[in-house]
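Visitor: For reference, the structure I am asking about is given below.
The values are calculated or read from the model by the stated rules, or taken from the named source; none is laboratory data. Because the structure is predicted, anything quoted here is derived from the model rather than measured. Glycine gets a Cβ as well: all are built from the backbone with ideal geometry, and neighbour counts include every protein chain shown. Each accessible area value is taken on the protein alone, full model and side chains, heavy atoms only, with ligands, DNA and RNA left out. Shrake-Rupley method; radii C 1.70, N 1.55, O 1.52, S 1.80 Å.
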Amino acid sequence: IPAYDAQAIEAKQQRLWEERDLFAASDESDRPKKYVLEMFPYPSGDLHMGHARNYSIGDAMARQAHMRGFDVLHPIGFDAFGLPAENAAIKHNTQPATWTYKNMDQAVSTMKRMGFSYDYDRMVRTCDPDYYRWGQWQFLKMWEKGLVERRDSPVNWCPSCNTVLANEQVTEGRCWRCGSVPERKNLTQWYLKITDYAEELLDDIDQLTGWPERVKQMQRNWIGKSEGAEIDFALADEDGNPTDTVMTVFTTRPDTLFGATFFLLAPEYPGLMELTTPENRDAVQEVIDIAAATSTADRASSDREKHGAFIGRYMVNPVNGRLLPVYAADYVLTDYGTGAVMGVPSGDQRDFDFARKYGLPIPPVVIEEDDPLFPELKDQTELVMTDVPWDQAMAAEGVLVQSGPFTGMKGGHNSEAVDAIIDWLAEKGLGHKAVNYRLRDWLISRQRYWGNPIPMVHCEHCGIVPVPYDQLPVTLPPDLDLAAGETLAECPAFYETTCPVCGRPARRETDTMDTFTCSSWYYLRYCDPHDEELPFSRELADRWMPVDNYIGGIEHAILHLLYSRFWTKVMRDLGLLDFDEPFTNLLCQGMVKDANGETMSKSKGNVVPPSSVIGPYGADTMRMAVLFIAPPEKDFNWDEEAVAGCNRFIKRVWRTVWELSFSADKGPGLDAGSLDGAGKTLLRELHRLGIKCTQDYDRGQYNTAISALMELTNAANAYLNAVPQDRRDPALCWLVAWDICAMISPVCPHLADELGQDALGVDGSFYEVSWPEFDPELAKADEVEIAVQIKGKVRARVNVPAGADKDSIEAAAREAVADQLAGKEVLKAVVVPGRLVNFVVR
Ligand code: ANZ
Ligand code: ZN
């Protein structure tokens, strides 16, 4: 048996695959298609263990799918724009492009060293003008469709990244990239109107049956649909009479309208200062300042102390004419609902805290029937109790009290009272049903160099003018002095242009697009990577899309996965494709942590680089280790011993297949009937474990699939040990050797192909062969018939596995005569294996 030399074997097999262009997806094959995709990496250095795991999962899936008869598309590329490249370039005194292309080359060579079955001819690098040109093209199409807007609004500005962030990029109140607390600024920025798709994005989540529930829930929460009403309140004049000035609130609880005792405005509410009476302006300004200095997340937090200031004015409650003092309050957000809120302290905890702090009344209007107040307030239509003895608000369902004609109705979210009050308001023209989404439009402009330029021109005469399609791409200038802080806005060579409409001097837009725009459609470009007319042809998108299996990290649960769903729907509405959802099945792989369960990171110094495994053991061991240590979706702790164990198993497979090969002969095929005991056992194990392994592959449970192969290898060795070489069945040896190689090939493709070629003498790669088939009949254990006696008389016969132990034989016998034994006491059971069971009963 030759030595197992991983480095030599892997180099050889990789060369053969490349020579034969084995992994090129065919756009024309009549096999059914399967699109297997791993989230493409940022080229911020060499690949790390998380990548190795992600891609090993995808590769096992893609290879097995090919053996299952699919035409497989399995591409790779790079999400190459973004701030890390810019920062690294400054640090290393080079240009982002230089740094990025170098890293991409390094990463590709590691991918090749890992033996991944990528169709490299389809590689997408988002910083290639050939790619980003089509991002600009799609941006212009969206502009034409009214889905792009430039507007002035409060935005999150990251002071350390020096750019604005999308709402999705502020996680737990911090910049997703650097962790700084963003500042609120009013800026004119570019938006994609993802909110136009809020409802569809929410509704279609139900179609995503192949997605993890938790990701779907995160998207639902992010979109955040609230149903309720918009209600108009009139500003009161000095005598308390309604004026023509109306302000609208959004509420999810119109049923609590009789319980409103104050009215709140966001500190950023337009015209707030003008509305405020002079003597109150200092106090209101203070609230404005506090709000400006506080993150949105903190302002929205229920635990935080609330700050408010009376503005000296009152609103009229439309339902009962009550005058509500108006406050500016920091917990009211300007970009949610209408920025105005009716304060109902008995029903809303934040309002409750606010009322207690500022001494405002808290009359109960919805109470539970078991509340001690209920008997007293039940049927009470007028306001008799202005302050509840509660120490918190009551948000549950209950019955309306002190609520005029609505008293006695059921109240709560979407309740009878909600409908009744909305109807009443609608009739009077004072309000209507309303739906509100938490989702905001996607802020896509960035004040950074290393991104896709927004293809727009500002002309003094013509306003904002799109760059004509035939002038795309707007390319980045190559040599900004980033270290000196130079930006596109300071680079005349970039921004000086002429207006496409009037031809006079004009200024290019100098913002670039959020890199998430680039990653929102790369999977479409893979379908048609060299198209020079379009971002992708409809025909090829229809051939390959949707992605059947998408594999990546949970960190993109909202960001990338939501944006891509949006982008797909927009492309559909532009007539560029005709499906609704881009990713059919989603697998979020767990994290690779260090041996102590800590996340691997450069700063902690606990990173285990893939090279540390590939070097001593080879790529197949690396691949097997990341698949074997845990199921794909679970986190795992790095385990040196498990890695060494995988390597030992690989070598055992190597020896076992070689050993089998010495007795193997494909011949005319196997005659199962001619096998003796050891041979029969091996054949049965082959079918039993083959079925198990196949099912585990199909479920993506590679760890247990590998365990089944370990068992099968043991069974093969048991046979080799039990049967002398000259008495082994040649066809059985061939079959077992073949099936082990075939089934291990998606995990350890180099090992399998080398054994196939050298030990079994077949041409080519297991990638091209069909997945083996197994027979449940042959997987069944041999059975013997047992007579079941009661007091010596035969009452039944059962079949039990040939080698079954006494306990399981007795259990099978008991079941067979359960009816006859009912109500009797078994004094004794005599078990004679292979023949009978006799129950002695009373
Ligand atoms: C009166 C009321 C009574 C409310 C009650 C709740 C309970 P969700 O479910 O998150 O959509 N609200 C509306 N706009 C707001 C803003 N810009 N900033 C802060 N709060 C705002 O929450 C909707 C509820 O949040 C609305 O319903 C409103 O308070 C408040 F017993 O109106 B509610
Ligand atoms: Zn012009």
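Visitor: What ranking, highest mean first, results for peptides 346-352, 95-101 when packing means the other Cβ atoms within 10 Å averaged over each residue?
Guide: So the peptides 346-352, 95-101, ranked by packing, come out 346-352, 95-101.
Visitor: Suppose all protein chains stay in the model; what accessible area per residue would a 1.4 Å probe give for the chain, in Å²?
Guide: With the other protein chains kept in place, the chain gives 42 Å² per residue.
Visitor: How high is the FRET efficiency from residue 397 to residue 305, r the C-beta distance, R0 30 Å, rounded to 0.05?
Guide: 0.55
Visitor: If the label point is 7 Å along Cα→Cβ of residue 842, which residues in the stretch 793-814 have backbone nitrogen under 20 Å from it?
Guide: 793
Visitor: Heavy atoms only, probe 1.4 Å: what % of the accessible area of the stretch 645-786 goes to carbon and sulfur, would you let me know?
Guide: 47
Visitor: Test of understanding: what is the full-extension gain from residue 187 to residue 573, defined as 0.36 nm times their sequence separation minus their Cα-Cα distance?
Guide: Here the segment from residue 187 to residue 573 would lengthen by 136.0 nm.
Visitor: Using packing as a proxy for protection, rank 673-682, 297-306, 686-695, 355-364 so that the peptide with the highest average count of other Cβ atoms within 10 Å comes first.
Guide: The densest-packed peptide leads the list: 686-695, 355-364, 673-682, 297-306.
Visitor: Something else now. Can you show me the helix-derived [θ] at 222 nm for the chain, built from DSSP H runs with n ≥ 4 at -39,500 (n - 2.57) apiece and divided by the number of residues, rounded to the nearest 500.
Guide: Dividing the helical sum by the residues of the chain leaves -11000 deg cm²/dmol.
Visitor: Taking 0.36 nm per residue of separation and subtracting the Cα-Cα distance, what length does fully extending residue 824 through residue 534 add?
Guide: 96.2 nm is the gain from fully extending residue 824 to residue 534.
Visitor: By average Cβ neighbour count within 10 Å, what is the ranking of 27-40, 202-215, 744-757 from highest down?
Guide: 744-757, 27-40, 202-215
Visitor: Can I ask one more? Share of the stretch 76-164's accessible area from carbon and sulfur, percent, 1.4 Å?
Guide: Using a 1.4 Å probe with all protein chains present, the stretch 76-164 comes out at 47 percent carbon and sulfur.
Visitor: Magnitude of the Cβ-charge dipole of the chain, K/R +1 and D/E -1, about the Cα centre, nearest 20 debye?
Guide: For the chain, the charge dipole is close to 2560 debye.
Visitor: Another one. What FRET efficiency do you get for residue 758 and residue 780 if R0 is 45 Å and r is their Cβ-Cβ distance, rounded to the nearest 0.05?
Guide: 0.80
Visitor: Next up: Estimate the FRET efficiency between residue 676 and residue 7 by the formula 1/(1 + (r/R0)^6), using the beta-carbon distance for r and 45 Å for R0, to the nearest 0.05.
Guide: It comes to 0.60.
Visitor: Once a ≥ b ≥ c are taken as the square roots of the eigenvalues of the Cα gyration tensor of the chain, is the result rounded (a/c under 1.5), prolate (a/b larger than b/c) or oblate (a/b not larger than b/c)?
Guide: Since a/c reaches 1.5 but b/c is at least a/b, the shape of the chain is classed as oblate.
Visitor: Step through the residues of the stretch 661-672 one at a time and calculate ³J(HN,Hα) from phi using the Karplus curve (6.51 cos²θ - 1.76 cosθ + 1.60, θ = phi - 60°), rounding each to whole Hz and writing x for Gly and Pro.
Guide: 5, 5, 9, 8, 8, 4, x, x, x, 8, 9, 4
Visitor: Along Cα→Cβ, 7 Å out, is where each label goes; now give me the distance between the ones at residue 381 and residue 633 in nm to one decimal.
Guide: Between residue 381 and residue 633, the label points sit 5.5 nm apart.
Visitor: Just to be sure I understand the model, the point goes 7 Å from the Cα along the line to the Cβ. What's the resulting residue 112 to residue 717 distance in nm?
Guide: Once both label points are built, they end up 3.7 nm from each other.
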